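What follows is one structure encoded as structure tokens, with my remarks underneath.
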Amino acid sequence: MKTKVTKAIFPVAGLGTRFLPATKSIPKEIMTLVDRPLIQYAIDEARAAGIKEFIFVTSRGKGALEDYFDINPMLEQTLRKSGKDALLDTLKTTNMESGAIAYIRQHKALGLGHAVWCARRLIANEPFAVILPDDVIAAEKPVLQQMVEAYEQTGGAMVAAMEVPPEKASAYGVLDVEEDMGDLVKVRGMVEKPARETAPSNLAVIGRYILTPNVMANISKMKSGAGGEIQLTDAIAEEINQDRGVYGFRFRGQRFDCGSKAGYLQAMVAFGMARDDLRDEFTAYLEEMVSVRKAAQ
Ligand code: G1P
């Protein structure tokens with residue numbers, strides 16, 4: 001089996017109900033942090049990790065995502081005519097090599113495992129990455145790249161992992177740790193959305209995965225898991241006692257849960273403050289807001 005990871009699946013079929021009414025007519029993955037859509041961050045991270053084939057698992061109403069990664073000749077012509085070269089350069093990051101991107105529809109919302117499985121024919125017999133664009137991670141070295149490097153040492157299946165407050169663990173897939181090696185942990189169990197009293201730890205799965213084709217085969221059993229959905233976590237857990245097993249990878253970076261309003265707003269602030277062209281004005285405004293609030297208390 002090929003070991004180099006060159007394919008990535010982006011599950012983007014979700015309805016984004018937490019962001020209604022905005023998501024009534026735009027996919028949540030098109031929502032921006034400053035001026036770049038969430039999906040752009042995910043694609044850039046994948047590219048940095050050496051991914052060459054990008055597989056989107058979409059659903060009805062996600063056409064804007066396809067348009068986003070297409071060339072827009074009229075827009076480019078207008079920008080060229082008016083000499084807006086910097087903007088033309090910005091647009092280049094949204095253009096994909098022909099044939100590098102594929103769209104598959106998930107016809108029924110049966111869970112994350114099922115969404116990933118919809119891409120099985122494009123994955124064939126190769127290891128692959130999965131990126132959940134809701135989880136935006138600011139990092140000096142992009143997280144999937146960190147994981148690909150670690151995976152070269154371990155093989156097997158790997159999930160990004162992060163300690164979360166114990167009371168929040170039930171919102172995640174949670175790892176049961178067999179051996180803690182610092183950045184890497186060897187996993188002996190994983191549970192999707194455990195009840196608070198039964199969570200094996202507070203080490204949560206975050207939306208970056210490197211998986212083997214075996215995981216696809218496991219999903220094919222279509223076992224119903226937490227919330228009555230076909231869970232990716234369960235299919236990965238089946239690999240624990242196989243071959244090279246399953247690893248958690250404690251990444252270096254700051255993760256934002258852009259699937260929640262609070263997390264999205266925090267990301268907006270962090271990415272705004274990180275921008276050279278906005279930092280001074282934006283930070284001054286935030287400081288003013290904070291001092292006004294303190295004075296009012
Ligand atoms: C999904 C996964 C879960 C993981 C989480 C990370 O859950 O099923 O294991 O911990 O992403 O963001 P969701 O957030 O879609 O409920």
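The values are calculated or read from the model by the stated rules, or taken from the named source; none is laboratory data. These numbers come from a predicted model, not from an experiment. Glycine gets a Cβ as well: all are built from the backbone with ideal geometry, and neighbour counts include every protein chain shown.
For the stretch 110-141, residues that are in a loop (DSSP other than H, G, I, E, B), within 13 Å of the chain's Cα centre (by Cα) and over 17 Å from residue 51 (Cβ atoms) total 1.
Going through the stretch 187-202 one residue at a time, which ones are basic (Lys, Arg) and more than 10 Å from the ligand (Cβ to nearest atom)?
188, 196 - these are the residues of the stretch 187-202 that are basic (Lys, Arg) and more than 10 Å from the ligand (Cβ to nearest atom).
Please go through the stretch 112-129 and give me each residue that is within 13 Å of the ligand (Cβ to nearest atom) and surrounded by fewer than 24 Cβ atoms within 10 Å (Cβ to Cβ), ordered by number. Within the stretch 112-129, 114 is the sole residue that qualifies. Residues in the stretch 72-109 that are under 19 Å from residue 35 (Cα atoms), surrounded by fewer than 14 Cβ atoms within 10 Å (Cβ to Cβ) and of a type in the set (Val, Ile, Thr) were compared, and the one that is farthest from the chain's Cα centre (by Cα) is 90.
Sub-8 Å Cβ pairs linking a first residue in the stretch 240-269 that is on the phi < 0 side of the Ramachandran plot to a second residue that is of a type in the set (S, T, N, Q) and more than 14 Å from the ligand (Cβ to nearest atom), at least 6 apart or interchain, are 242/214; 244/154; 247/154; 249/146; 251/146; 252/146; 256/266, ordered by first then second residue.
For the criterion of being at pLDDT 95 or above and near the ligand (Cβ under 9 Å from one of its atoms), residue 248 fails. Elements of the type helices (runs of 4 or more DSSP H) sitting completely within the stretch 1-104 and holding at least 2 residues that are touching a residue at least 60 places away in the same chain (Cβ under 8 Å): these cover 38-48. Do the conditions hold for residue 47, that is, is it closer than 26 Å to residue 158 by Cβ and out of contact with any strand residue (DSSP E or B) (no Cβ under 8 Å at 6 or more places or on another chain)? So residue 47 passes the test.
Does residue 207 fit the bill of being crowded, with 23+ Cβ neighbours inside 10 Å, within 17 Å of the chain's Cα centre (by Cα) and within 20 Å of residue 250 (Cβ to Cβ)? Judged against the criteria, residue 207 is a match. Looking at this structure, is residue 294 over 30 Å from residue 140 (Cβ atoms) and in a loop (DSSP other than H, G, I, E, B)? The answer is no for residue 294.
Identify all residues within the stretch 149-186 that are more than 10 Å from the ligand (Cβ to nearest atom), surrounded by fewer than 21 Cβ atoms within 10 Å (Cβ to Cβ) and aliphatic (A, V, I, L, M); write none if there are none. Those that are more than 10 Å from the ligand (Cβ to nearest atom), surrounded by fewer than 21 Cβ atoms within 10 Å (Cβ to Cβ) and aliphatic (A, V, I, L, M): 150, 177, 181, 184. When the stretch 270-280 is limited to residues that are free of Cβ contacts under 8 Å to residues at least 40 places away in the same chain and not aliphatic (A, V, I, L, M), the one that is surrounded by the fewest Cβ atoms within 10 Å (Cβ to Cβ) turns out to be 276.
Checking each residue in the stretch 138-173 for being within 16 Å of residue 192 (Cβ to Cβ) and of a type in the set (S, T, N, Q) picks out only 170. For first residues located in the stretch 198-226 and of a type in the set (Phe, Trp, Tyr), partners that are crowded, with 23+ Cβ neighbours inside 10 Å and lie 6+ apart or on another chain with Cβ distances below 6 Å form the pairs 209/130; 209/159. Going by the structure shown, is residue 144 within 16 Å of the ligand (Cβ to nearest atom), in a helix (DSSP H, G or I) and in contact with an Asp or Glu (Cβ under 7 Å, 6 or more places away or on another chain)? Yes; evaluated as a whole, the condition is true for this residue.
Take residue 108 and tell me if it is at pLDDT below 95 and touching a His at 6+ places or on another chain (Cβ under 8 Å). If you could, list the steps in order and put the result at the bottom.
On the way: at pLDDT below 95: yes; touching a His at 6+ places or on another chain (Cβ under 8 Å): yes.
It is true that residue 108 is at pLDDT below 95 and touching a His at 6+ places or on another chain (Cβ under 8 Å).
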